[in-house]
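Inspection log for the structure reproduced underneath, given as structure tokens.
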Amino acid sequence: MAHVKSSEEIQALQELGKRHAEIIAALEELAKPGVTTDELEALACKMVEDGGDKPAFKGYKPAGAPRPFPCALCVAPNDVVVHGIPTELHYTLQSGDIIGLDLGIERNGLFVDAGKTVAVGAVDHATQELLYATLEALHLGIAEAHAGSTVGDIGAAIEGFVRKKEYGLVRNLCGHGVGHAVHEEPQVPNFGARGTGETLEPGMVLAIEPMVNIGTGQVDFLDDGYTVRTRDGSRSAHFEHNVAITDGEPLVLTSWK
């Protein structure tokens, strides 16, 4: 069952989303050639703690996971879709890479969870088009997130756009409710049929997060229990915002640019 938030909680989540955006901006600025995923993790930890908040992912053990997640930040370089462990990848960024930066923060029992994929130096045209398309898919999904719509309306908008672009849409992973916990009901797939699934009502908060591959949508889950890679080795992009359902337009709580 969906968790409905009060207007005071939504306002607090919006303030937390602003802090989240500051951290994502700093991580994006740091993500230059020669920087390691370990260094990105160290900055994320420092900035979260300096703000008096808690890293929501560190120590979190999702259902079915073999162990708690060991880091504050999830990273996803190139063919990693999501959930790469920065201190176990030990990856050094190179010019032309892309890397997903996915961060969760907790403050006073409220959670935000959002992220984006950024370019490291200059990237080729195909990669740039992937980033544009995945971000546009997110915007189209958000546009459907208003009272009276359904979860299926969000998925249908994302899926229809990605199919037209002839990219691979990752179907094994999905968005979710967020706010009182990192992951709540309902699940928010990036595919579906209009008019199906849970009906959205004011006060619900959703993490909408399309994951799109240049190649097929097939992925592999690695033995570390978290990292997801594209099966064909193609590049993948991931963009995620937290959105509050209102009586009017969707309210984006996270505000990275």
Looking at the range 115-132, which of its residues are surrounded by fewer than 19 Cβ atoms within 10 Å (Cβ to Cβ) and in a loop (DSSP other than H, G, I, E, B)? Gly121, Ala122, Val123, Asp124
In the range 41-55, what count of residues is obtained for those that are in a helix (DSSP H, G or I), in contact with a helix residue (DSSP H, G or I) (Cβ under 9 Å, 6 or more places away or on another chain) and acidic (Asp, Glu)? 1
If you scan the range 47-68, which residues turn out to be surrounded by fewer than 21 Cβ atoms within 10 Å (Cβ to Cβ) and in contact with a Gly (Cβ under 8 Å, 6 or more places away or on another chain)? Tyr60, Ala65, Pro66, Arg67, Pro68
Cβ contacts < 6 Å: first residue without any contact (Cβ under 8 Å) to a residue 12 or more places away in the chain and over 16 Å from Gln218 (Cβ atoms), restricted to the range 67-82; second residue surrounded by fewer than 23 Cβ atoms within 10 Å (Cβ to Cβ) and not aliphatic (A, V, I, L, M), any location; separation 6+ or different chain. Result? Pro68/Gly59; Pro68/Lys61
Taking Leu43, is it touching a Leu at 6+ places or on another chain (Cβ under 9 Å) and surrounded by fewer than 23 Cβ atoms within 10 Å (Cβ to Cβ)? yes
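If I go through the range 140-165 residue by residue, how many of them are within 20 Å of Met204 (Cα to Cα) and either in contact with a Phe, Trp or Tyr (Cβ under 8 Å, 6 or more places away or on another chain) or hydrophobic (A, V, I, L, M, F, W, C) (or both)? Please lay out each step first, then the result.
Taking the range 140-165 as the starting set, the residues that turn out to be within 20 Å of Met204 (Cα to Cα) are 140-158.
The next check asks that each one be either in contact with a Phe, Trp or Tyr (Cβ under 8 Å, 6 or more places away or on another chain) or hydrophobic (A, V, I, L, M, F, W, C) (or both); those that pass are 140, 142-143, 145, 147, 151, 154-158.
Here the count works out to 11.
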Restricting attention to the range 90-108, and to residues there that are more than 25 Å from Glu8 (Cα to Cα) and surrounded by fewer than 19 Cβ atoms within 10 Å (Cβ to Cβ), which single residue is modelled with the lowest pLDDT? His90
All conditions in (1) assigned to a loop (DSSP other than H, G, I, E, B); (2) farther than 21 Å from Ala21 by Cβ; (3) within 18 Å of the chain's Cα centre (by Cα) are true of Lys58 except (2)
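The values are calculated or read from the model by the stated rules, or taken from the named source; none is laboratory data. Keep in mind that this is a model prediction, so the values were computed, not measured. Cβ atoms come from the backbone with ideal geometry, glycine included; neighbour counts cover every protein chain shown.
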